[in-house]
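The values are calculated or read from the model by the stated rules, or taken from the named source; none is laboratory data. Computed from a predicted structure; not experimentally measured. When we count neighbours, we look across all protein chains shown, and the Cβ atoms used for this are built from the backbone with ideal geometry, even at glycine.
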């Protein structure tokens, strides 16, 4: 039996001073009302109402229980209203995680605009180049780059990125351009990777769409994308990075992309969250702002 529902039935019977009137008000059958009160009395172990053919009066225990029920139900409604407010208006702290570079370049500016729009909100932006378990770590939203594994998380697509191969104009003036992935064997390779120097580069043949995989000989390896990119822009060699990481430097003339005809398929960028359709307002409002901002960004939506 739903105890709170039973309390509401009891309060209505007391207020209406009758089972039939309470049943009409609650859109229940009189038998269901009678059964609910009987079950409630069994649980409490005391008679709450005295019934005659014409009237219903409360016992001494019923009078006290009525006061307690009204207080508890009022508290419950207050709690529900407070919780409902979080779903109607952004409130509290919004915790977001994203890859380091993507977060710096694309999410941090949105966080600033978000806090301008909702000055009562606070935000924590956590930047990691690893997959964060957002449920275990109490994260509201996470940016994920790449194809999503099946999960219970809800996802909103923001755009797409792809791997690009880049070098500085002065480097290519000295060496010439690689025309096929196989030509990379004659070039110096810079890589931002983990602990292993071995890495796989993927390309797609312009004829027939055949996938091409190769492992270039890495001459300069670092765990910092910034350091690798700086070395590349200084003309030391060629590196591969995601298109959004290269875009500002391509636009500024510091980098040139090569092997564009062999570019692999793009990968999606999503915002994921664990709330599903019942996401609170702080999550929904940030998603709306991120979608509005990033879906119109050509860096994340070009072919």
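Odds and ends about this structure:
- Failed criterion for residue 206 (all others in (1) loosely packed, with under 12 Cβ neighbours inside 10 Å; (2) more than 19 Å from residue 249 (Cβ to Cβ); (3) assigned by TED's automatic domain parsing to the domain that holds residue 258; (4) out of contact with any strand residue (DSSP E or B) (no Cβ under 7 Å at 6 or more places or on another chain) hold): (1)
- Which listed residue is surrounded by 15 or more Cβ atoms within 10 Å (Cβ to Cβ) and closer than 20 Å to residue 153 by Cβ, from 299, 269: 269
- Residues of segment 277-296 satisfying the condition of being under 15 Å from residue 157 (Cα atoms), touching a residue at least 12 places away in the same chain (Cβ under 8 Å) and not in a helix (DSSP H, G or I): 295
- The condition (being farther than 26 Å from residue 251 by Cα and either in contact with a helix residue (DSSP H, G or I) (Cβ under 9 Å, 6 or more places away or on another chain) or assigned to a loop (DSSP other than H, G, I, E, B) (or both)) is satisfied by just one residue among 179, 199: 199.
- Residues located in segment 152-175, provided they are loosely packed, with under 12 Cβ neighbours inside 10 Å and in a loop (DSSP other than H, G, I, E, B): 152
- In the set (1) in contact (Cβ under 8 Å) with a residue 40 or more places away in the chain; (2) more than 30 Å from residue 297 (Cα to Cα), residue 51 fails one condition alone, (1).
- Of 274, 264, 216, all but one fail to be in contact (Cβ under 8 Å) with a residue 12 or more places away in the chain, on the phi < 0 side of the Ramachandran plot and touching a helix residue (DSSP H, G or I) at 6+ places or on another chain (Cβ under 9 Å); the exception is 216.
- Odd one out for residue 108, checked against (1) surrounded by 14 or more Cβ atoms within 10 Å (Cβ to Cβ); (2) touching a residue at least 12 places away in the same chain (Cβ under 8 Å); (3) part of a helix (DSSP H, G or I); (4) in contact with a helix residue (DSSP H, G or I) (Cβ under 8 Å, 6 or more places away or on another chain): (4)
- Count - residues of segment 252-267 that are outside any loop (DSSP other than H, G, I, E, B) and modelled with pLDDT of 95 or more: 3
- Condition check for residue 67: over 25 Å from the mean Cα position of the chain (by Cα) and part of a helix (DSSP H, G or I): yes
- Test: residue in segment 115-123 that is within 21 Å of residue 244 (Cα to Cα) and outside the structural domain of residue 227 (by TED's automatic domain parsing): no
- The residue list 20, 98 contains one member that is without any contact (Cβ under 8 Å) to a residue 60 or more places away in the chain, in contact with a helix residue (DSSP H, G or I) (Cβ under 6 Å, 6 or more places away or on another chain) and either within 30 Å of residue 272 (Cα to Cα) or in the same structural domain as residue 223 (by TED's automatic domain parsing) (or both), which is 98.
- For segment 226-241, residues that are surrounded by fewer than 19 Cβ atoms within 10 Å (Cβ to Cβ) and within 34 Å of the chain's Cα centre (by Cα) total 3.
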